[in-house]
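The values are calculated or read from the model by the stated rules, or taken from the named source; none is laboratory data. Predicted model, so just to flag it, every value in this text is computed and none were measured. Using ideal geometry, Cβ is built from the backbone for each residue, glycine included, and neighbour counts are taken over all protein chains shown.
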Amino acid sequence: MREGWGDRELDLPRQPVADWSAARRSRLAEMFPGERLVLPAGGFKVRNNDCDYPFRADSAHVHLSGNQTSDAVLVVEDGESVLYARPRSSRQTDEFFRDRRYGELWAGRRPSLKEISDSLGLEVRHLGDLDERLRSSAKTRVHRGIDATVDESVSADGARDLELARVLSELRLVKDPWEVAQLQEACDITALGFEDSVRDWEQVLEHGERWLEGTFFRQARAQGNDLGYHSIVAGGSHATTLHWNDNDGPVTPGRLILLDMGVEARSLYTADVTRTLPVDGTFTPLQRDLYTIVLTAQQAGIDAIRPGVPFEAAHDAAMHVIAHALEDLGLLPVSAEEALSPDSKVYTRWTLHSTSHMLGLDVHDCAAAAPEHYKQGDLEAGMVLTVEPGLYFQEDDLLVPEELRGVGIRIEDDILVTDDGSENLSASLPREPGAVEDWMAGLRG
(Lines give C-alpha, C1' and ligand atoms only; values in the text may rest on other atoms or scores of the structure.)
Protein backbone atom coordinates (compact mmCIF):
# COMPACT_ATOMS: atom_id res chain seq x y z
CA MET A 1 0.00 0.00 0.00
CA ARG A 2 2.84 2.39 0.81
CA GLU A 3 4.96 1.57 -2.24
CA GLY A 4 4.87 2.53 -5.89
CA TRP A 5 3.71 6.13 -5.54
CA GLY A 6 5.17 9.04 -7.46
CA ASP A 7 5.52 12.50 -5.97
CA ARG A 8 5.14 15.89 -7.57
CA GLU A 9 5.68 19.51 -6.63
CA LEU A 10 3.38 22.05 -8.25
CA ASP A 11 4.80 25.24 -9.72
CA LEU A 12 2.44 27.80 -8.22
CA PRO A 13 2.58 31.48 -9.22
CA ARG A 14 2.88 34.21 -6.62
CA GLN A 15 -0.59 35.36 -5.61
CA PRO A 16 -1.49 39.02 -6.28
CA VAL A 17 -2.23 39.50 -2.57
CA ALA A 18 1.36 38.64 -1.56
CA ASP A 19 2.85 42.14 -1.86
CA TRP A 20 -0.15 43.73 -0.18
CA SER A 21 0.07 41.26 2.71
CA ALA A 22 3.79 41.96 3.13
CA ALA A 23 3.10 45.68 3.45
CA ARG A 24 0.44 45.01 6.08
CA ARG A 25 2.84 42.84 8.08
CA SER A 26 5.44 45.59 8.00
CA ARG A 27 2.93 48.08 9.40
CA LEU A 28 1.98 45.63 12.15
CA ALA A 29 5.60 44.92 13.11
CA GLU A 30 6.36 48.64 13.36
CA MET A 31 3.62 48.97 15.95
CA PHE A 32 5.11 46.26 18.19
CA PRO A 33 8.92 46.56 17.88
CA GLY A 34 10.90 43.76 19.53
CA GLU A 35 7.81 41.65 20.15
CA ARG A 36 6.59 38.32 18.84
CA LEU A 37 3.08 38.32 17.38
CA VAL A 38 1.27 35.01 16.91
CA LEU A 39 -1.71 34.87 14.55
CA PRO A 40 -3.38 31.47 13.99
CA ALA A 41 -5.57 30.56 11.02
CA GLY A 42 -7.68 28.25 13.17
CA GLY A 43 -8.74 24.68 12.53
CA PHE A 44 -11.74 22.64 11.55
CA LYS A 45 -14.92 22.91 13.60
CA VAL A 46 -17.18 19.93 14.19
CA ARG A 47 -20.67 20.15 12.77
CA ASN A 48 -21.84 16.84 14.18
CA ASN A 49 -20.18 13.55 15.10
CA ASP A 50 -17.41 13.05 12.51
CA CYS A 51 -18.56 15.78 10.11
CA ASP A 52 -16.77 19.15 10.02
CA TYR A 53 -17.93 22.48 8.71
CA PRO A 54 -15.99 23.66 5.65
CA PHE A 55 -12.84 25.38 6.88
CA ARG A 56 -12.62 29.14 6.74
CA ALA A 57 -9.43 30.82 7.99
CA ASP A 58 -9.49 33.61 10.57
CA SER A 59 -9.81 37.00 8.92
CA ALA A 60 -6.83 38.66 10.63
CA HIS A 61 -4.62 35.74 9.58
CA VAL A 62 -5.82 36.00 5.97
CA HIS A 63 -5.34 39.77 5.95
CA LEU A 64 -1.69 39.47 6.96
CA SER A 65 -0.68 36.32 5.09
CA GLY A 66 -3.16 35.49 2.32
CA ASN A 67 -3.09 31.90 3.59
CA GLN A 68 -6.36 29.96 3.59
CA THR A 69 -5.10 26.51 4.69
CA SER A 70 -6.16 25.15 8.07
CA ASP A 71 -4.06 24.95 11.24
CA ALA A 72 -1.37 27.37 10.02
CA VAL A 73 0.11 29.97 12.37
CA LEU A 74 1.75 33.23 11.28
CA VAL A 75 4.55 34.51 13.53
CA VAL A 76 5.76 38.09 13.08
CA GLU A 77 8.89 38.99 15.04
CA ASP A 78 11.62 41.63 14.63
CA GLY A 79 10.26 42.57 11.21
CA GLU A 80 10.45 39.01 9.92
CA SER A 81 7.49 36.73 9.26
CA VAL A 82 7.26 32.94 9.19
CA LEU A 83 4.19 30.87 8.41
CA TYR A 84 4.05 27.55 10.22
CA ALA A 85 1.85 25.31 8.12
CA ARG A 86 0.55 21.77 8.01
CA PRO A 87 1.73 20.41 4.65
CA ARG A 88 0.54 17.40 2.70
CA SER A 89 1.35 14.15 4.46
CA SER A 90 3.86 11.64 3.22
CA ARG A 91 2.63 8.42 1.69
CA GLN A 92 4.73 6.67 4.30
CA THR A 93 2.32 7.74 7.04
CA ASP A 94 -1.02 6.51 8.29
CA GLU A 95 -2.35 10.06 7.94
CA PHE A 96 -2.14 9.88 4.15
CA PHE A 97 -4.27 6.74 3.96
CA ARG A 98 -6.51 6.85 7.04
CA ASP A 99 -7.05 10.37 8.35
CA ARG A 100 -10.52 11.58 7.37
CA ARG A 101 -9.60 15.22 8.05
CA TYR A 102 -6.09 15.50 6.59
CA GLY A 103 -5.47 12.32 4.60
CA GLU A 104 -5.02 13.03 0.90
CA LEU A 105 -7.15 10.07 -0.14
CA TRP A 106 -9.97 11.30 2.12
CA ALA A 107 -9.86 15.07 1.97
CA GLY A 108 -7.80 15.93 -1.10
CA ARG A 109 -4.32 17.24 -1.71
CA ARG A 110 -2.88 19.85 0.62
CA PRO A 111 -0.14 22.11 -0.71
CA SER A 112 3.47 21.48 0.21
CA LEU A 113 5.52 23.94 2.24
CA LYS A 114 7.30 25.09 -0.92
CA GLU A 115 4.03 25.56 -2.78
CA ILE A 116 2.62 27.70 0.04
CA SER A 117 5.83 29.72 0.21
CA ASP A 118 5.95 30.31 -3.54
CA SER A 119 2.32 31.42 -3.72
CA LEU A 120 2.38 33.71 -0.69
CA GLY A 121 5.92 35.09 -0.86
CA LEU A 122 6.53 34.01 2.73
CA GLU A 123 9.01 31.80 4.53
CA VAL A 124 7.08 28.65 5.45
CA ARG A 125 8.12 26.04 8.00
CA HIS A 126 6.53 22.84 9.23
CA LEU A 127 3.82 23.31 11.86
CA GLY A 128 5.66 20.80 14.02
CA ASP A 129 8.45 23.37 14.53
CA LEU A 130 6.10 25.92 16.10
CA ASP A 131 6.31 24.64 19.69
CA GLU A 132 10.07 25.17 19.82
CA ARG A 133 9.65 28.69 18.44
CA LEU A 134 7.04 29.57 21.02
CA ARG A 135 9.14 28.17 23.89
CA SER A 136 12.00 30.55 23.13
CA SER A 137 12.20 33.69 25.22
CA ALA A 138 10.44 36.72 23.79
CA LYS A 139 7.68 39.12 24.68
CA THR A 140 4.73 37.44 22.96
CA ARG A 141 1.22 38.49 22.05
CA VAL A 142 -1.33 35.99 20.72
CA HIS A 143 -4.50 36.60 18.74
CA ARG A 144 -6.58 34.46 21.05
CA GLY A 145 -9.77 32.49 20.64
CA ILE A 146 -8.79 31.20 17.19
CA ASP A 147 -6.74 28.08 17.98
CA ALA A 148 -7.00 26.44 21.40
CA THR A 149 -3.67 24.63 21.00
CA VAL A 150 -1.85 27.90 20.35
CA ASP A 151 -3.68 29.59 23.23
CA GLU A 152 -2.45 26.88 25.60
CA SER A 153 1.12 27.13 24.34
CA VAL A 154 1.66 30.73 25.42
CA SER A 155 0.72 32.19 28.78
CA ALA A 156 -2.03 34.74 28.37
CA ASP A 157 -1.52 38.42 29.04
CA GLY A 158 -5.02 39.84 28.84
CA ALA A 159 -4.14 43.48 28.29
CA ARG A 160 -1.40 42.83 25.72
CA ASP A 161 -3.45 40.28 23.78
CA LEU A 162 -6.50 42.53 23.72
CA GLU A 163 -4.35 45.38 22.41
CA LEU A 164 -3.16 43.12 19.60
CA ALA A 165 -6.75 42.20 18.70
CA ARG A 166 -7.66 45.89 18.65
CA VAL A 167 -4.75 46.79 16.37
CA LEU A 168 -5.52 43.88 14.01
CA SER A 169 -9.04 45.24 13.58
CA GLU A 170 -7.90 48.83 13.13
CA LEU A 171 -5.41 47.83 10.42
CA ARG A 172 -8.41 46.76 8.35
CA LEU A 173 -10.45 49.95 8.73
CA VAL A 174 -8.98 51.56 5.59
CA LYS A 175 -8.91 49.23 2.61
CA ASP A 176 -6.04 49.23 0.14
CA PRO A 177 -6.81 49.21 -3.61
CA TRP A 178 -6.51 45.43 -3.84
CA GLU A 179 -9.10 45.01 -1.08
CA VAL A 180 -11.47 47.46 -2.76
CA ALA A 181 -11.24 45.40 -5.95
CA GLN A 182 -12.09 42.24 -4.02
CA LEU A 183 -15.12 43.90 -2.44
CA GLN A 184 -16.25 45.11 -5.85
CA GLU A 185 -15.96 41.56 -7.18
CA ALA A 186 -17.99 40.24 -4.25
CA CYS A 187 -20.70 42.85 -4.95
CA ASP A 188 -20.75 41.98 -8.64
CA ILE A 189 -21.21 38.26 -7.97
CA THR A 190 -23.85 39.10 -5.38
CA ALA A 191 -25.78 41.02 -8.02
CA LEU A 192 -25.68 37.94 -10.26
CA GLY A 193 -27.09 35.88 -7.39
CA PHE A 194 -29.98 38.32 -6.95
CA GLU A 195 -30.65 38.16 -10.68
CA ASP A 196 -30.65 34.35 -10.67
CA SER A 197 -33.09 34.41 -7.75
CA VAL A 198 -35.60 36.55 -9.68
CA ARG A 199 -35.20 34.46 -12.84
CA ASP A 200 -36.28 31.48 -10.72
CA TRP A 201 -39.40 33.29 -9.46
CA GLU A 202 -41.93 30.67 -10.54
CA GLN A 203 -40.04 28.06 -8.55
CA VAL A 204 -39.72 30.52 -5.65
CA LEU A 205 -43.50 30.95 -5.61
CA GLU A 206 -43.96 27.19 -5.59
CA HIS A 207 -41.29 26.19 -3.08
CA GLY A 208 -40.88 29.34 -0.95
CA GLU A 209 -37.92 30.86 0.86
CA ARG A 210 -35.84 27.67 0.77
CA TRP A 211 -35.70 27.70 -3.03
CA LEU A 212 -34.52 31.29 -3.24
CA GLU A 213 -31.88 30.66 -0.58
CA GLY A 214 -30.57 27.72 -2.59
CA THR A 215 -30.56 29.61 -5.88
CA PHE A 216 -28.43 32.40 -4.43
CA PHE A 217 -26.08 29.91 -2.77
CA ARG A 218 -25.43 28.21 -6.10
CA GLN A 219 -24.08 31.46 -7.55
CA ALA A 220 -22.02 32.10 -4.40
CA ARG A 221 -20.30 28.73 -4.76
CA ALA A 222 -19.96 28.86 -8.54
CA GLN A 223 -18.16 32.20 -8.74
CA GLY A 224 -17.14 32.95 -5.16
CA ASN A 225 -15.97 30.97 -2.16
CA ASP A 226 -19.20 30.79 -0.20
CA LEU A 227 -21.82 32.95 1.43
CA GLY A 228 -20.40 35.82 3.46
CA TYR A 229 -23.05 35.14 6.11
CA HIS A 230 -26.23 33.12 6.40
CA SER A 231 -28.71 34.48 3.87
CA ILE A 232 -31.86 36.21 5.12
CA VAL A 233 -34.78 35.30 2.86
CA ALA A 234 -37.77 36.80 4.63
CA GLY A 235 -41.18 36.68 3.03
CA GLY A 236 -44.09 38.67 4.45
CA SER A 237 -43.95 39.17 8.21
CA HIS A 238 -40.66 37.27 8.46
CA ALA A 239 -39.08 40.52 7.25
CA THR A 240 -39.77 42.09 10.64
CA THR A 241 -37.27 39.63 12.20
CA LEU A 242 -33.90 41.25 11.61
CA HIS A 243 -31.91 38.05 11.21
CA TRP A 244 -34.52 35.64 9.87
CA ASN A 245 -32.31 32.64 9.10
CA ASP A 246 -34.81 29.76 9.04
CA ASN A 247 -35.78 30.60 5.45
CA ASP A 248 -38.48 27.96 5.55
CA GLY A 249 -41.65 29.94 4.89
CA PRO A 250 -43.83 30.58 1.86
CA VAL A 251 -43.41 33.43 -0.61
CA THR A 252 -46.91 34.82 -0.82
CA PRO A 253 -48.35 36.92 -3.65
CA GLY A 254 -49.36 40.41 -2.55
CA ARG A 255 -46.63 40.59 0.10
CA LEU A 256 -43.06 41.87 0.14
CA ILE A 257 -39.94 39.74 0.48
CA LEU A 258 -36.75 41.02 2.10
CA LEU A 259 -33.50 39.53 0.77
CA ASP A 260 -30.31 40.23 2.75
CA MET A 261 -27.59 38.22 0.98
CA GLY A 262 -23.89 38.51 0.20
CA VAL A 263 -21.29 36.48 -1.65
CA GLU A 264 -17.86 35.88 -0.15
CA ALA A 265 -15.30 36.11 -2.95
CA ARG A 266 -12.53 33.55 -3.21
CA SER A 267 -10.24 36.07 -1.50
CA LEU A 268 -12.74 35.86 1.43
CA TYR A 269 -13.94 39.47 1.14
CA THR A 270 -17.72 39.67 1.36
CA ALA A 271 -20.56 41.78 0.06
CA ASP A 272 -23.63 42.59 2.18
CA VAL A 273 -26.64 43.73 0.15
CA THR A 274 -30.36 43.93 0.91
CA ARG A 275 -33.28 44.45 -1.42
CA THR A 276 -36.98 44.35 -0.58
CA LEU A 277 -39.05 43.17 -3.54
CA PRO A 278 -42.77 42.98 -4.29
CA VAL A 279 -43.66 39.31 -4.69
CA ASP A 280 -46.14 40.20 -7.46
CA GLY A 281 -43.48 42.19 -9.30
CA THR A 282 -45.38 45.44 -8.67
CA PHE A 283 -45.61 47.45 -5.44
CA THR A 284 -49.05 48.25 -4.09
CA PRO A 285 -49.56 51.97 -3.38
CA LEU A 286 -49.01 51.42 0.36
CA GLN A 287 -45.92 49.28 -0.21
CA ARG A 288 -44.50 51.89 -2.57
CA ASP A 289 -45.07 54.68 -0.05
CA LEU A 290 -43.33 52.78 2.75
CA TYR A 291 -40.54 51.63 0.46
CA THR A 292 -39.96 55.22 -0.68
CA ILE A 293 -39.54 56.33 2.93
CA VAL A 294 -36.75 53.81 3.44
CA LEU A 295 -35.16 54.59 0.07
CA THR A 296 -35.17 58.33 0.79
CA ALA A 297 -33.59 57.65 4.19
CA GLN A 298 -30.94 55.45 2.63
CA GLN A 299 -30.07 58.01 -0.02
CA ALA A 300 -29.76 60.68 2.67
CA GLY A 301 -27.35 58.39 4.50
CA ILE A 302 -25.28 57.73 1.37
CA ASP A 303 -25.20 61.45 0.55
CA ALA A 304 -23.78 62.17 4.01
CA ILE A 305 -20.71 59.97 3.48
CA ARG A 306 -17.38 61.64 2.76
CA PRO A 307 -13.96 61.86 4.42
CA GLY A 308 -13.85 63.71 7.72
CA VAL A 309 -17.49 63.29 8.77
CA PRO A 310 -18.39 61.18 11.81
CA PHE A 311 -19.02 57.49 11.21
CA GLU A 312 -22.54 58.06 12.53
CA ALA A 313 -23.30 60.74 9.89
CA ALA A 314 -25.11 58.27 7.62
CA HIS A 315 -27.19 56.97 10.51
CA ASP A 316 -28.14 60.44 11.69
CA ALA A 317 -29.16 61.53 8.20
CA ALA A 318 -31.24 58.40 7.60
CA MET A 319 -32.99 58.57 10.96
CA HIS A 320 -33.87 62.23 10.40
CA VAL A 321 -35.81 61.19 7.30
CA ILE A 322 -37.51 58.23 8.96
CA ALA A 323 -38.48 60.10 12.12
CA HIS A 324 -40.18 62.83 10.10
CA ALA A 325 -41.94 60.21 7.96
CA LEU A 326 -43.23 58.43 11.07
CA GLU A 327 -44.49 61.80 12.31
CA ASP A 328 -46.31 62.30 9.01
CA LEU A 329 -47.89 58.85 9.41
CA GLY A 330 -49.17 59.89 12.83
CA LEU A 331 -47.25 57.16 14.65
CA LEU A 332 -44.99 59.19 16.93
CA PRO A 333 -46.31 60.22 20.36
CA VAL A 334 -44.08 63.32 20.18
CA SER A 335 -42.72 65.53 17.41
CA ALA A 336 -40.04 64.17 15.11
CA GLU A 337 -37.46 66.51 16.61
CA GLU A 338 -38.33 65.37 20.13
CA ALA A 339 -38.18 61.73 18.99
CA LEU A 340 -34.68 62.29 17.55
CA SER A 341 -33.41 63.54 20.90
CA PRO A 342 -30.95 61.11 22.54
CA ASP A 343 -33.24 61.18 25.57
CA SER A 344 -36.14 59.79 23.54
CA LYS A 345 -35.41 57.87 20.33
CA VAL A 346 -38.96 56.57 20.44
CA TYR A 347 -38.80 56.06 16.67
CA THR A 348 -36.44 53.10 17.21
CA ARG A 349 -39.51 50.97 17.97
CA TRP A 350 -39.82 50.78 14.15
CA THR A 351 -36.17 51.07 13.01
CA LEU A 352 -34.54 48.63 15.48
CA HIS A 353 -30.91 48.83 14.35
CA SER A 354 -28.11 51.19 13.41
CA THR A 355 -27.63 52.15 9.78
CA SER A 356 -24.01 51.21 9.09
CA HIS A 357 -21.17 48.85 9.86
CA MET A 358 -17.73 48.31 8.36
CA LEU A 359 -17.37 45.68 5.65
CA GLY A 360 -14.41 43.60 4.50
CA LEU A 361 -13.14 40.12 5.30
CA ASP A 362 -15.92 39.94 7.90
CA VAL A 363 -19.44 41.05 7.19
CA HIS A 364 -19.23 43.07 10.42
CA ASP A 365 -15.61 44.02 9.90
CA CYS A 366 -13.13 45.54 12.36
CA ALA A 367 -15.29 44.57 15.34
CA ALA A 368 -12.49 44.88 17.92
CA ALA A 369 -11.41 48.39 16.85
CA ALA A 370 -11.47 51.05 19.55
CA PRO A 371 -14.66 53.15 19.52
CA GLU A 372 -12.70 56.34 18.88
CA HIS A 373 -11.38 54.85 15.64
CA TYR A 374 -14.65 53.29 14.53
CA LYS A 375 -18.14 54.16 15.71
CA GLN A 376 -17.07 57.32 17.50
CA GLY A 377 -14.46 58.23 14.91
CA ASP A 378 -14.47 59.93 11.52
CA LEU A 379 -14.60 58.39 8.08
CA GLU A 380 -11.47 58.20 5.91
CA ALA A 381 -11.03 57.55 2.21
CA GLY A 382 -10.72 53.81 1.66
CA MET A 383 -13.21 52.78 4.33
CA VAL A 384 -16.10 50.60 3.16
CA LEU A 385 -19.35 50.58 5.10
CA THR A 386 -22.95 49.57 4.62
CA VAL A 387 -25.89 51.96 4.57
CA GLU A 388 -29.02 49.97 5.48
CA PRO A 389 -31.93 51.75 7.17
CA GLY A 390 -35.16 49.84 7.65
CA LEU A 391 -38.74 50.07 8.83
CA TYR A 392 -40.29 47.14 10.70
CA PHE A 393 -43.91 46.93 11.83
CA GLN A 394 -44.44 43.82 13.91
CA GLU A 395 -47.57 41.70 13.42
CA ASP A 396 -48.69 42.32 17.00
CA ASP A 397 -47.86 46.05 17.16
CA LEU A 398 -51.12 47.66 18.23
CA LEU A 399 -49.66 51.17 17.92
CA VAL A 400 -49.75 51.06 14.12
CA PRO A 401 -52.69 50.68 11.73
CA GLU A 402 -53.58 47.10 10.85
CA GLU A 403 -52.51 47.52 7.22
CA LEU A 404 -48.91 48.23 8.34
CA ARG A 405 -48.58 45.21 10.61
CA GLY A 406 -46.27 42.48 9.35
CA VAL A 407 -44.44 44.77 6.91
CA GLY A 408 -40.63 44.89 6.99
CA ILE A 409 -38.47 46.87 4.53
CA ARG A 410 -34.71 47.28 4.40
CA ILE A 411 -32.48 48.56 1.59
CA GLU A 412 -28.72 48.08 1.91
CA ASP A 413 -25.73 48.96 -0.22
CA ASP A 414 -21.95 48.77 0.22
CA ILE A 415 -20.35 52.22 0.10
CA LEU A 416 -16.68 53.08 -0.47
CA VAL A 417 -15.48 56.37 1.00
CA THR A 418 -13.57 58.19 -1.75
CA ASP A 419 -11.35 61.27 -1.63
CA ASP A 420 -14.26 63.54 -2.54
CA GLY A 421 -17.35 61.63 -1.41
CA SER A 422 -18.43 58.04 -1.92
CA GLU A 423 -19.00 55.26 -4.45
CA ASN A 424 -21.75 52.65 -4.28
CA LEU A 425 -20.09 49.29 -4.97
CA SER A 426 -23.45 47.51 -5.25
CA ALA A 427 -25.13 50.11 -7.48
CA SER A 428 -25.76 47.58 -10.26
CA LEU A 429 -28.82 46.35 -8.34
CA PRO A 430 -31.73 48.79 -8.77
CA ARG A 431 -33.27 50.61 -5.81
CA GLU A 432 -35.88 52.99 -7.21
CA PRO A 433 -39.31 51.31 -7.03
CA GLY A 434 -40.04 51.70 -10.75
CA ALA A 435 -36.59 50.40 -11.64
CA VAL A 436 -37.08 47.43 -9.31
CA GLU A 437 -40.34 46.56 -11.05
CA ASP A 438 -38.79 46.84 -14.51
CA TRP A 439 -35.79 44.77 -13.42
CA MET A 440 -38.01 41.98 -12.08
CA ALA A 441 -40.18 42.00 -15.20
CA GLY A 442 -37.15 41.77 -17.47
CA LEU A 443 -35.66 38.84 -15.58
CA ARG A 444 -38.94 36.92 -15.31
CA GLY A 445 -39.53 37.30 -19.06
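Tabulated values for the structure
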quantity: Scope the stretch 406-428; condition in contact with a Ser or Thr (Cβ under 8 Å, 6 or more places away or on another chain) and not acidic (D, E); matching residues; calculated: G406, V407, G408, I409, R410, I411, I415, L416, S426
quantity: The stretch 354-392, residues that are in contact with a helix residue (DSSP H, G or I) (Cβ under 6 Å, 6 or more places away or on another chain), part of a loop (DSSP other than H, G, I, E, B) and within 27 Å of L290 (Cβ to Cβ); calculated: S354, T355, S356, P389
quantity: Among the candidates A339, A314, residue that is assigned by TED's automatic domain parsing to the domain that holds R405 and in contact (Cβ under 8 Å) with a residue 24 or more places away in the chain; calculated: A314
quantity: Residues satisfying the stated conditions in the stretch 104-144, i.e. of a type in the set (S, T, N, Q) and either assigned to a strand (DSSP E or B) or within 30 Å of L162 (Cα to Cα) (or both); calculated: S117, S136, S137, T140
quantity: Within the stretch 1-25, considering residues that are surrounded by 10 or more Cβ atoms within 10 Å (Cβ to Cβ) and more than 25 Å from the chain's Cα centre (by Cα), the one farthest from G108 (Cα to Cα); calculated: R14
quantity: Filter pass, D303 being touching a Gly at 6+ places or on another chain (Cβ under 9 Å) and without any contact (Cβ under 8 Å) to a residue 40 or more places away in the chain; calculated: yes
quantity: Some residue of the stretch 198-218 being of a type in the set (S, T, Y) and in contact (Cβ under 8 Å) with a residue 60 or more places away in the chain; calculated: no
quantity: Positions within the stretch 105-160 being among the basic types (K, R) and within 29 Å of the chain's Cα centre (by Cα), in sequence order; calculated: R109, R110, R141, R144, R160
quantity: Single condition F96 does not satisfy, out of (1) surrounded by 17 or more Cβ atoms within 10 Å (Cβ to Cβ); (2) under 33 Å from the mean Cα position of the chain (by Cα); (3) farther than 18 Å from G42 by Cβ; calculated: (2)
quantity: Within the stretch 284-328, considering residues that are part of a loop (DSSP other than H, G, I, E, B) and either in contact with a Leu (Cβ under 8 Å, 6 or more places away or on another chain) or charged (D, E, K, R) (or both), the one nearest to S197 (Cα to Cα); calculated: I305
quantity: Out of T240, T284, T276, T270, sole residue that is surrounded by fewer than 22 Cβ atoms within 10 Å (Cβ to Cβ) and assigned by TED's automatic domain parsing to the domain that holds D419; calculated: T284
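The rows are residues; the columns are (1) of a type in the set (A, V, I, L, M); (2) more than 15 Å from D414 (Cβ to Cβ); (3) part of a loop (DSSP other than H, G, I, E, B).
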| residue | (1), (2), (3) |
| --- | --- |
| A222 | yes, yes, no |
| V233 | yes, yes, no |
| A239 | yes, yes, no |
| L242 | yes, yes, yes |
| P250 | no, yes, yes |
| G254 | no, yes, yes |
| T276 | no, yes, no |
